[in-house]
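Peer 1: Below is one structure. I have some questions about it.
The values are calculated or read from the model by the stated rules, or taken from the named source; none is laboratory data. Nothing here was measured: the structure is a model prediction, and the numbers come from that model. With ideal geometry, Cβ positions are generated from the backbone for all residues, glycine too; neighbour counts draw on all protein chains shown.
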Amino acid sequence: MTETIKISSATVHYGLSLAKRNMKFGILALCMNFLGLPMFLIAVLAKAFQIRANTPGWFIDENTYYIVSVFGITDEIYVFIAAGCTIAAVLSGVFIAMNSFSHLYDKQRVDMEYSLPLTANKRFLAGYLSGLLTYTLPYIFCQMISLILLLAGRLTVDTWVGGLQAEIFASFTPMCIKLIFGGLIIMVMFYTLFVLTMCFCGSRFETGAYGVGANFCLPVIYFCIYWLITSRSYGLVFRLSDDTVINHLFGCTSPIGAICGLYLTLYPENWDRAFYTVIRGAAGEYSFFSVYSFGFWLIKCLAVTALLIFCAYRLYRRRTAEQTGKTFISKSFYYFVMFCLMMILSVFVSESSTGIIPTLIVTAAVFLIMDCVSNRGISRLKSAVLKYAVIMVVLIGGYLITDKTGYFGAEDYVPDAGEIKSAELVDYDGYYSTDWYTGTYRFEDEYNIRRITDAHTMQLDEYNASIDSGRAGYSIGIKYTMKNGAEVKRDYYDVYYSAYEELLPLEVSDEMKEQKLAALKTTVEDKGLCIASHGTENYPNLNKNTYSEDFAQRLTECLTEDINAMTIDDYSGHGFGNDVLSIGTGYLDDKSYVSPSGAYYGVYTITEAYPKTLEYLSSYGIEPYNAEYTAADIAALDGIELRRVTAEYRIPVSKSWSASETVAVIYDPDNYGNHYEYSNIHPKDIHIADLSETELEELAEIASDAVNYYIPDKDYYSISIDGGTDMYIPEKYNDIIESIIS
Amino acid sequence: MTEAVEANVRVAKKPPAAVHYGKMLAKRNMKYAVLALFMNFIGLPLFLIHVISECIIMKNIDTKGLEKFNSVFDASDNTIYILIAVIGTFVAVVTGVYIAMGSFSHLYDKKLVDMEYSLPLTADGRYFAGFLSGLTLYLGPYIICQIISLILITVGHVVIDKWLEPSQQIFADFLPLAVKLIIGGFIIMLMFYTLFVLTMSFCGSKFETTVYGMGANFCLPVIYACLFVLVEENGYGLVFSLSGDTLINQLFSCTSPAGALYGLYMSAFENIDHVAESDSFFSVYSFGFWIIRCLAFTVLLVFCGLKLYRRRKAEQTGKIFVSKTFYYVVMVCLMMLTCTFLDMIDAKLAPIIIITAVIFLIMDSISNRGVKKLHISLLKYIAVMQGIFIVYFTTVNTGFFGAVNNVPEAWEIKCAELVKYNGYGYVGSLSGNYRFEDEQNIQTIINAHKKQLEIHNSMEPEGSVEYIKIKYTYKSGAVRTREYYIYEPAFEMLLPLETVDEIKAEKIEAISNTLDCKRVYICIENSLDSTYNNRYYPYEKTSSIPKDFIPKLKECLTKDINNMSSEDYADSLELTDYVTIKISVDYNAEGNEEPKEPYYYSFQILSCYENTLDYLSSVTFV
């Protein structure tokens, strides 16, 4: 009994002696932590008090609306100081850990420390805990000061702020608390990882260099996978902010990954997926087990840290006194770090050069230097060359296998429609790309799913056969949710016509209509409706008083009826002239329909396919705008481009530029460059000034009758006026155009 | 007896102990020499191998590909090979640190010091054995690799240049630059190594030797950079030209390896803007003089290193710093740099104090191996910062010790020059260097200078209008240059100079020189008739222009400028009706193409240029 107490007190003694040895770093960490968040908050508070003393009323002045956060109230340099000092505080962990376990690399110490009346377990525990406390206590102490400062700001500065402004300290607090907790976890993980790597190394230099380097291993692998998929694969998707297993793993398995993981949990509403959920009306909900959940991130990180402690402990117990002084205890660790280093170097060099030779030169130089450093000389150069060859063969072989098998079949995989529970079109804004919102449409009906899988198959077939039938100039994302719960995602840039055409029937499917209307309902309730463009005027600021109270509601009803009644012919067969009538969402305040800021949710283009809506708008005197040109208007234009378009693929006119051939350019030499590239002047270039009166009149008629948004079934001519989008020219004018061209 | 004689002969034949010692050190350093050899090889030689192999491939596969080569830098993937070359060379240079440390390890390693001091060698013998053995291992690989480079260039010239057009002799063209770079690199490496050996004598521990040995390279460049920023930001009108042929640039470019790199850049590359300023052997652009300066400075470093080394004692090994002065010099430079940087990003005093204090205290705690002497560190910090602030405020508040407000008297001046002056009244961009020796004209410039300073020092300076640079040459031979954005009232005082003979002659010369350029395109703009704008008249091509257009135009302009009086000139400036002649010269264009990268000059034909206006209207321009 007495003996047990004595031994435990020896552990405490040992821990205390280590803590004493570490005290200087503890003091350094305290200073650095204090210059981090607390100093920043002091600077903010001091500035706020100074402003209030010098210019009373400043905080309620409406002109200061830009102050929406603590970052708007102080000099940027304090953010810089806080960041720099926090990094220094985190790095002090390296020195603290090295001091606590100095017998792992310092030959002079090892015998003395191993002769202490302590078991390996106790030595590890005493070293680990004494270091950890020296490392984290200054942090905890300083962050408590930060919390007090936040409270002080909440009680003083926040009460001065008036008007539209946010309560800057109150709104900063939740993020701050997340940062403080997150910071603590990341520091503990960093410290533990360093202790673990110390068990692998037996010399001071290797401990320092590889201990810090180990932090980069997993991020490097993650980055290389990202690079392999995003820049080398066809169609495969790797998004850094997606709620995927790899992002989950990355966000908790290394200190750097944990910083990224923490960042994802800070602004869940910013990440793409969450954004689309908002649109669908689910108000940014995400499950506790998602990558955006702070609580789950915390649990994951703690679990990994516990695992790291366990591994470090196991390794530490196996260390013998004689191993101190050797460069590496286990060479596997060294090879792992070197493998990661070679991987990242290969990626960087191969990205910036052609051929494999530069990659081989750079990687060989780095590997041989590193190997000579770890061998303390060049006597084993032969074995170093051999090791290098093995690593590079594995790397290059791995890459070639992945590439040649099409990422193990993933590139060419299209699931069978029968296995799919739902298919989504991500970032899709309708066949004409003029739709209500750019968002995600979800289909569960098998017919609709088959449209998507067919389009997908066609896309791959054309790509693999290298037949370029023409591109739609458009990118599309597909996401399948399988019946077994698995998800398959693909992104294609520049979709082929044939694949794109398959998607047309979806536009009038019940599922799509339903989702369009749901989005309409949510956004109208949230933002209201306004006229987004009418004639040549963008976002005309119409006075609300001109309209009845229920304008937005009635308009919504009309749109709903029209969308429900729309057939495929309605959708594809109608259009308007040069400028069209569009409806968008707008922020409603007491007085007027304000312009939608940047048409955040897109706009509806009202064509003849919306008869009820047109009728209702007409009762307010808003008619679809169809530009009428006179000969004089044409003569005053800067430039017109006429194109011949092949209708082999039923592609909307609005996209025809990508399948067309410019046949004539009619231009004013001085101003053509305002809208077009001069390089387009080649096939038949005519100066506007040289046109006869008859020709001007004919062109005016053509320009007036040309329509937007049309799906033709024959080859046709299109016209672009002053840089505008291409419009369909009715067939009856073909003769006139041909005479102009000739 | 015979045995004794034989023994004596053996002793006599043995090389001296110093050579033995040097060889032993060389053995210790061999691994770094192998590394240096490899790194030097992937520098210039590898780059040249890449260029040669690409040319050979092009020759065999696609002969048209050879057309792209106008210099060795046109090889594909050249970025990565240049990057490899730069990094390889950089690592090769840095091996000097390890070689020097290997050669003088008894300066920081307690275990070695007693053994090495007990060898039968004098301090001088030990120093030179260490210095030379390290130097040989450091520079040997470099020399071998650069000989390979020269062979490769010769091979390139003999084999590849033959396949190319006579205008594309890429290897022959590259040779002079390569030779300069190779010799320059050698000098810089020598200086780097010597400086490192010198700093080793100041330090007694491994960590400090490495860190401060590297840091010492940056001390002088930091002082130079701080001086530059100080003059740029606070010295109103003072000129600190990075490429000027000034004493400070001469000094900077030979007193530190980083500075020498800059000096090599100035003297090896011929496309530096100001290279035409001076072609004397003693200018900053002269490669030969740069070598002499650098070698002289290196010799000085060797000498100082020896002096310090002789005074080192065995007990000093293990101490962190043998002489703290060196440490303080590095710290003052570091603090100065931090302050300057923070000042440049407009930081206030509080952040400057916080950041410098943090850096200083961390560095001081490291060099004290603990925080026990924190209060002394704090005192030292205060002393260093006070010194920096005093120097800064004294310099700024006294206007750089009177230099800012100093205007010479006319009698002191031999000549005053307006550099790159566009003339009064914004009448054109045909600038020239106008030199005045007449006392009255010098007085005019001095008066304008005084007026400029007067306005600037008054409480509310008015808007400035035009950049102006004045260069005074004193009778004593000294040269002072000032540059300003000149205020209108001061600018007006320069008006009388416009009709001075000196400026007229200079103007006429500038105009005729420009018009005589081979690739001249002229565009006439009429301020009242915009239809004449933006029309180019390639002189040799357009038949509507008379053949003798340029000589005639020159003749009329010469006549008008010579006849012009000060009043005419002032009156003409009042009118808004004028014609501008825009001349564009494309120095790169070939044949009769339109200028692609034209360099524009323009000047206004004022209403007082009667002959010119008459002539232009006679050829229907106006």
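Peer 1: Mind checking which residues of segment B:40-54 are buried (at least 23 other Cβ atoms within 10 Å of the Cβ) and in contact (Cβ under 8 Å) with a residue 60 or more places away in the chain?
Peer 2: Those that are buried (at least 23 other Cβ atoms within 10 Å of the Cβ) and in contact (Cβ under 8 Å) with a residue 60 or more places away in the chain: B:Asn40, B:Gly43, B:Leu44, B:Leu48, B:Val51.
Peer 1: Answer yes or no as to whether A:Ala312 is buried (at least 18 other Cβ atoms within 10 Å of the Cβ) and within 14 Å of another protein chain (Cβ to nearest Cβ). Steps first, please.
Peer 2: Values: buried (at least 18 other Cβ atoms within 10 Å of the Cβ): yes; within 14 Å of another protein chain (Cβ to nearest Cβ): no.
No; evaluated as a whole, the condition is false for this residue.
Table: residues versus (1) surrounded by fewer than 19 Cβ atoms within 10 Å (Cβ to Cβ); (2) within 28 Å of B:Gly244 (Cα to Cα); (3) more than 14 Å from every other protein chain (Cβ to nearest Cβ); (4) at pLDDT 90 or above.
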position	(1), (2), (3), (4)
B:Val284	no, yes, yes, no
B:Leu306	yes, no, yes, yes
B:Arg310	yes, no, yes, yes
B:Ala314	yes, no, yes, no
B:Phe326	no, no, yes, no
B:Cys333	no, yes, yes, yes
B:Ile354	no, no, no, no
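Peer 1: Of these, A:Asn99, A:Asn121, which one is touching a residue at least 40 places away in the same chain (Cβ under 8 Å), over 30 Å from A:Lys47 (Cβ atoms) and within 14 Å of another protein chain (Cβ to nearest Cβ)? Before you say what the answer is, go through the steps one by one.
Peer 2: Numbers: A:Asn121 fails: within 14 Å of another protein chain (Cβ to nearest Cβ).
On inspection, the qualifying residue turns out to be A:Asn99.
Peer 1: Moving to a separate point now. Could you list, in sequence order, the residues of segment B:58-81 that are aliphatic (A, V, I, L, M) and within 11 Å of another protein chain (Cβ to nearest Cβ)?
Peer 2: Result: B:Ile80, single match.
Peer 1: For a quick check of your reading of the model, give me the residue pairs whose first member lies in segment B:307-320 and is closer than 16 Å to B:Gly125 by Cβ, whose second is modelled with pLDDT of 85 or more and of a type in the set (Gly, Ala, Ser), with beta-carbon atoms closer than 7 Å and at least 6 apart or on different chains.
Peer 2: The qualifying pairs are B:Tyr309/B:Ala123; B:Tyr309/B:Ser201; B:Arg310/B:Ala123; B:Arg312/B:Ser201.
Peer 1: Here is a follow-up. For B:Phe218, state whether it is farther than 27 Å from B:Asp343 by Cβ and modelled with pLDDT under 90.
Peer 2: Numbers: farther than 27 Å from B:Asp343 by Cβ: no; modelled with pLDDT under 90: yes.
Here the answer is no, as B:Phe218 does not meet what is asked.
Peer 1: Would it be correct to say that B:Leu295 is loosely packed, with under 15 Cβ neighbours inside 10 Å, in contact (Cβ under 8 Å) with a residue 60 or more places away in the chain, over 30 Å from B:Asn457 (Cβ atoms) and assigned by TED's automatic domain parsing to the domain that holds B:Val94?
Peer 2: Details: loosely packed, with under 15 Cβ neighbours inside 10 Å: yes; in contact (Cβ under 8 Å) with a residue 60 or more places away in the chain: yes; over 30 Å from B:Asn457 (Cβ atoms): yes; assigned by TED's automatic domain parsing to the domain that holds B:Val94: yes.
It is true that B:Leu295 is loosely packed, with under 15 Cβ neighbours inside 10 Å, in contact (Cβ under 8 Å) with a residue 60 or more places away in the chain, over 30 Å from B:Asn457 (Cβ atoms) and assigned by TED's automatic domain parsing to the domain that holds B:Val94.
Peer 1: So, one more: From the list A:Val385, A:Val393, which one is within 13 Å of chain B (Cβ to nearest Cβ), hydrophobic (A, V, I, L, M, F, W, C) and part of a helix (DSSP H, G or I)?
Peer 2: Numbers: A:Val393 fails: within 13 Å of chain B (Cβ to nearest Cβ).
The match here is A:Val385.
Peer 1: When you look at A:Thr74, is it more than 30 Å from A:Leu315 (Cβ to Cβ), surrounded by fewer than 20 Cβ atoms within 10 Å (Cβ to Cβ), at pLDDT below 90 and away from chain B (no Cβ under 13 Å), yes or no?
Peer 2: Numbers: more than 30 Å from A:Leu315 (Cβ to Cβ): yes; surrounded by fewer than 20 Cβ atoms within 10 Å (Cβ to Cβ): yes; at pLDDT below 90: yes; away from chain B (no Cβ under 13 Å): no.
When the stated conditions are applied, A:Thr74 does not pass them.
This table checks each residue for (1) closer than 21 Å to B:Ser205 by Cβ; (2) buried (at least 16 other Cβ atoms within 10 Å of the Cβ); (3) in contact (Cβ under 8 Å) with a residue 60 or more places away in the chain.
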| site | (1), (2), (3) |
| --- | --- |
| B:Met58 | no, yes, no |
| B:Lys68 | no, no, no |
| B:Val72 | no, yes, yes |
| B:Ile80 | no, yes, no |
| B:Val93 | no, yes, yes |
| B:His106 | yes, yes, yes |
| B:Met115 | yes, no, no |
| B:Gly130 | yes, yes, yes |
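Peer 1: Restricting attention to segment A:367-380, which residues are assigned to a helix (DSSP H, G or I), surrounded by fewer than 18 Cβ atoms within 10 Å (Cβ to Cβ) and more than 8 Å from every other protein chain (Cβ to nearest Cβ)? Before you say what the answer is, go through the steps one by one.
Peer 2: Kept after step one, since they are assigned to a helix (DSSP H, G or I), are these residues of segment A:367-380: A:367-375.
Imposing the further condition that a residue be surrounded by fewer than 18 Cβ atoms within 10 Å (Cβ to Cβ) reduces the set to A:369, A:373, A:375.
Scanning segment A:367-380 gives A:Val373, A:Asn375.
Peer 1: Ok, one more. Mind counting the residues in segment A:320-366 that are among the polar types (S, T, N, Q), within 13 Å of another protein chain (Cβ to nearest Cβ) and surrounded by fewer than 16 Cβ atoms within 10 Å (Cβ to Cβ)?
Peer 2: Just the residues of segment A:320-366 that are among the polar types (S, T, N, Q), to begin with: A:320, A:323-324, A:327, A:330, A:332, A:346, A:350, A:352-354, A:359, A:363.
This time we only want the ones that are within 13 Å of another protein chain (Cβ to nearest Cβ), so: A:346, A:350, A:352-354, A:359, A:363.
Still in the list and also surrounded by fewer than 16 Cβ atoms within 10 Å (Cβ to Cβ): A:352, A:354.
So the answer is 2.
Peer 1: Taking segment B:218-241, which residues are touching a helix residue (DSSP H, G or I) at 6+ places or on another chain (Cβ under 6 Å), more than 16 Å from B:Ser256 (Cα to Cα) and part of a helix (DSSP H, G or I)?
Peer 2: Listed by number, the residues that qualify are B:Val229, B:Asn234.
Peer 1: Does B:Leu107 fit the bill of being more than 14 Å from chain A (Cβ to nearest Cβ) and touching a strand residue (DSSP E or B) at 6+ places or on another chain (Cβ under 7 Å)?
Peer 2: Numbers: more than 14 Å from chain A (Cβ to nearest Cβ): yes; touching a strand residue (DSSP E or B) at 6+ places or on another chain (Cβ under 7 Å): yes.
Here the answer is yes, as B:Leu107 does meet what is asked.
Peer 1: Can you tell me which condition B:Leu300 does not meet? The list is (1) away from chain A (no Cβ under 14 Å); (2) more than 30 Å from B:Lys206 (Cβ to Cβ), and all the others hold.
Peer 2: B:Leu300 satisfies every listed condition except (2).
Peer 1: Let me ask you something else. I want to confirm something. Restricting to segment B:447-474 and keeping residues that are surrounded by fewer than 17 Cβ atoms within 10 Å (Cβ to Cβ) and more than 20 Å from B:Tyr434 (Cβ to Cβ), which single residue is modelled with the highest pLDDT?
Peer 2: Among those that are surrounded by fewer than 17 Cβ atoms within 10 Å (Cβ to Cβ) and more than 20 Å from B:Tyr434 (Cβ to Cβ), it is B:Glu454.
Peer 1: If I filter segment A:159-179 for residues that are within 27 Å of A:Ile299 (Cβ to Cβ), without any contact (Cβ under 8 Å) to a residue 60 or more places away in the chain and in contact with a helix residue (DSSP H, G or I) (Cβ under 6 Å, 6 or more places away or on another chain), do I get at least one hit?
Peer 2: Applying the first criterion (within 27 Å of A:Ile299 (Cβ to Cβ)) to segment A:159-179 yields A:171-179.
Checking the rest, the ones that are also without any contact (Cβ under 8 Å) to a residue 60 or more places away in the chain come to A:173-174, A:177.
Next, from what is left, pick out any that are in contact with a helix residue (DSSP H, G or I) (Cβ under 6 Å, 6 or more places away or on another chain): A:173.
Looking through segment A:159-179, at least one residue is within 27 Å of A:Ile299 (Cβ to Cβ), without any contact (Cβ under 8 Å) to a residue 60 or more places away in the chain and in contact with a helix residue (DSSP H, G or I) (Cβ under 6 Å, 6 or more places away or on another chain).
Peer 1: Here is a further query. Evaluate the following for B:Gly402: is it away from chain A (no Cβ under 14 Å), surrounded by 13 or more Cβ atoms within 10 Å (Cβ to Cβ) and not hydroxyl-bearing (Ser, Thr, Tyr)? Before you say what the answer is, go through the steps one by one.
Peer 2: Details: away from chain A (no Cβ under 14 Å): yes; surrounded by 13 or more Cβ atoms within 10 Å (Cβ to Cβ): no; not hydroxyl-bearing (Ser, Thr, Tyr): yes.
For B:Gly402, the condition - away from chain A (no Cβ under 14 Å), surrounded by 13 or more Cβ atoms within 10 Å (Cβ to Cβ) and not hydroxyl-bearing (Ser, Thr, Tyr) - is not met.
Peer 1: Another one. Residue check: is A:Ala83 surrounded by fewer than 20 Cβ atoms within 10 Å (Cβ to Cβ), at pLDDT 90 or above and either within 37 Å of the chain's Cα centre (by Cα) or facing another protein chain (nearest Cβ under 10 Å) (or both)?
Peer 2: Numbers: surrounded by fewer than 20 Cβ atoms within 10 Å (Cβ to Cβ): yes; at pLDDT 90 or above: yes; either within 37 Å of the chain's Cα centre (by Cα) or facing another protein chain (nearest Cβ under 10 Å) (or both): yes.
In short, yes.
Peer 1: Can you tell me which residue within segment B:356-373, out of those that are touching a Ser or Thr at 6+ places or on another chain (Cβ under 8 Å) and more than 8 Å from every other protein chain (Cβ to nearest Cβ), is surrounded by the fewest Cβ atoms within 10 Å (Cβ to Cβ)?
Peer 2: From segment B:356-373, those touching a Ser or Thr at 6+ places or on another chain (Cβ under 8 Å) are B:356, B:359-361, B:364-365, B:368, B:371; that's our starting set.
Now narrow it down to the ones that are more than 8 Å from every other protein chain (Cβ to nearest Cβ): B:356, B:359-360, B:364, B:368.
Working: B:Thr356: 20, B:Ile359: 18, B:Phe360: 21, B:Asp364: 19, B:Asn368: 15.
Top of the filtered list is B:Asn368.
Peer 1: Is it the case, given these coordinates, that A:Tyr480 is modelled with pLDDT under 85, of a type in the set (Phe, Trp, Tyr) and not assigned by TED's automatic domain parsing to the domain that holds A:Thr244?
Peer 2: Taking the combined requirement at face value, the residue does not satisfy it.
Peer 1: Of the residues A:Phe49, A:Phe25, which is at the interface with chain B (Cβ under 10 Å from one of its Cβ atoms) and modelled with pLDDT under 90? Before the answer, list the steps.
Peer 2: On the way: A:Phe49 fails: at the interface with chain B (Cβ under 10 Å from one of its Cβ atoms).
That would be A:Phe25, the only listed residue that is at the interface with chain B (Cβ under 10 Å from one of its Cβ atoms) and modelled with pLDDT under 90.
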